[in-house]
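Have a look at this one before I ask anything.
Bear in mind that the values in this text are calculations on the coordinates, not laboratory data. Computed from a predicted model, the values in this text were never measured in an experiment. Quick reminder, even Gly has a Cβ in these numbers, built from the backbone with ideal geometry, and neighbours come from all protein chains shown.
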Amino acid sequence: MPLKKLGGSSRKVMKYSPFKELSMPQSLVLPRPFDAHVHFRQGEMMDTAVKAISEYFAEGLVMPNTDPPVSQPGDIKLYRASIMAAADNEHFHPLMTFKILPDTSPSDICLFRNAGAVAGKVYPKNMTTNSHDGVENYPALFEVFEAMQEKNLVLCLHGEHPGEDIDTLDRERKFLRILALIARSFPRLRIVMEHISCRQSVETVLALPENVAASITVHHLVLTNDDVYGQNHHFCRPVIKKRSDRKALVQAATSGCPKFFFGSDSAPHSREKKECPVSCAGVFAPGIVSLPRLAQLFDENNALKSLERFLGHNGRRFYQLPDDPKKLPSLALIKEKSAIASDMGGVVPLCAGQTLPWRLET
Ligand SMILES: [Zn+2]
């Protein structure tokens, strides 16, 4: 990963020491990253959601929990075409997924793969946006998982235990038994525990074999539950947890370990749908925010050398995507201040109104 000093127009001369130049800002030039968890929505919100990712990332793994869901083989090509039209960017590749419902048939798996899907996603019933049709009985889907293993499709899991009488803060930890059961039952099935939020998930993913990996969001890496109380824009599922959980997530992300990679889970909801008595779940983290904020985090942890692995290499390797940096367009992260807007197209982003110490240049 090249670390270099900038030259050219950014050179400055001190006023009373004409021969003494200021040191040049630090910069990182990276291949455009892979966002392994994006929500592109439909209708009016779609343009904002797609451009927020497609302008900065080479690929995005597109979540299927739209309304109606992407749950039939014929949905894949239609949704992909509408994303490509909104992106209007030949350098961006949406990677399509389908929603696994309780009545998904194993015989459909081949059709999903032939339609271009790379993964199927299971949502636990009533745990997040548009999950009223989600899953409660995981063993009932084992024939579907078997077919996915045979067709080399990735299984993505929103890992929170469904059902009543479970505290929200415990749902992810309690789901880990289901994750281990699926991983043991299907040793050749690649499984991603999405947007992990607690220390126990880090430990479990590390303990399970190589077929199990996890994505991590920027908001779970930089916020704690103290940032959520009274702040609806930070409310998401799984909910943001304690400092000790964040510490484990930061260690996992900055370690360079191939089991952990970036998935923004960038989920735009209008200001009206967040600033209301019952807020929608989701944090809007477009590339213009997430990438400088991650550079800041990795810099603070002396781990800039691991940033490219977290943002691209690890996820591409797990999803078996082409991973030749020379063939990908690049972007630069520069250690200079950048101001984050307080409103982006009617949506309040992560770090709204803040000044970050790094900025993004495409
Ligand atoms: Zn999501």
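Could you tell me what % of all Cα pairs in segment 161-299 have separations over 21 Å?
In whole percent, the share of Cα-Cα pairs in segment 161-299 beyond 21 Å is 44.
If you don't mind, there's one more thing I want to ask. Below 8 Å, C-alpha to C-alpha, sequence gap of six or more: please give me the relative contact order for the chain in percent. Write out the running numbers ahead of the final one.
On the way: 744 pairs, mean separation 61.6, N = 362.
For the chain, the relative contact order is 17 percent.
Still on this model: Along the charge dipole of the chain, Cβ charges K/R +1 and D/E -1, which of Cys236, Phe175, Pro329 sits furthest on the positive end?
Pro329
Relative to 2.2 N^0.38 Å, what does the C-alpha radius of gyration of segment 217-295 come to as a ratio? Two decimals please.
Working it through for segment 217-295, the quotient is 1.12.
Could you give P(r) for the chain, binned at 20 Å from zero, as whole percent values over all Cα-Cα pairs?
Reading the bins upward from 0: 30, 59, 10, 1.
If each of Val278 and Gln251 carries a label point 7 Å out from its Cα toward its Cβ, how far apart are those two points in nm?
Using points 7 Å along Cα→Cβ, the separation is 3.9 nm.
In nm, what is the difference between 0.36 nm times the number of residues separating Glu150 and Met24 and their Cα-Cα distance?
Working it through step by step, the gained length comes to 40.1 nm.
A further question on this structure: In cubic angstrom, how much convex hull volume per residue do the alpha carbon atoms of segment 232-341 span? Kindly include the intermediate steps, with their values, before the conclusion.
Values: hull volume 15.0 nm³, N = 110.
So the per-residue Cα hull volume is 137 Å³.
Using 1/(1 + (r/R0)^6) with R0 = 41 angstrom and r between the beta carbons of Leu169 and Ala85, what's the FRET efficiency to the nearest 0.05? Numbers along the way, then the final one.
Numbers: r = 41 Å, r/R0 = 0.99.
E(calc), rounded to 0.05, equals 0.50.
Determine the equivalent ellipsoid of segment 124-232 by diagonalising the alpha-carbon gyration tensor, then write out the semi-axes as square roots of 5 times the eigenvalues, largest first, rounded to whole Å.
Square roots of five times the eigenvalues give 25, 17, 12 Å.
Shifting gears a bit: Students often get this wrong, so check it: of Lys77/Lys274; Lys305/Lys335; Lys125/Lys242; Lys259/Lys326, which have C-alpha atoms separated by over 20 Å?
Lys77/Lys274; Lys125/Lys242; Lys259/Lys326
Related question: Give the residue from Asn114, Val212, Met127 lying farthest towards the positive end of the charge dipole for segment 109-240; charges sit on Cβ (+1 for Lys and Arg, -1 for Asp and Glu) and the dipole is referred to the Cα centre.
Asn114
Something else about it: Assign one of three labels to segment 286-325, namely rounded, prolate or oblate, based on the Cα gyration tensor with a ≥ b ≥ c the square roots of its eigenvalues; rounded applies when a/c is under 1.5, prolate when it is not and a/b is larger than b/c, and oblate otherwise. Can you show the working numbers first?
On the way: a/c = 2.97, a/b = 1.67, b/c = 1.78.
Judged from the Cα gyration tensor, segment 286-325 comes out oblate (a/c at least 1.5, b/c at or above a/b).
Given a Förster distance of 45 Å, report the FRET efficiency between Leu321 and Arg271 from their Cβ-Cβ distance, rounded to the nearest 0.05. Don't skip to the end; give the middle numbers.
On the way: r = 35 Å, r/R0 = 0.78.
FRET efficiency, Leu321 to Arg271: 0.80.
Sorted by packing (mean other beta-carbon atoms within 10 Å per residue), highest first, where do 76-83, 137-144, 281-288 land?
281-288, 76-83, 137-144
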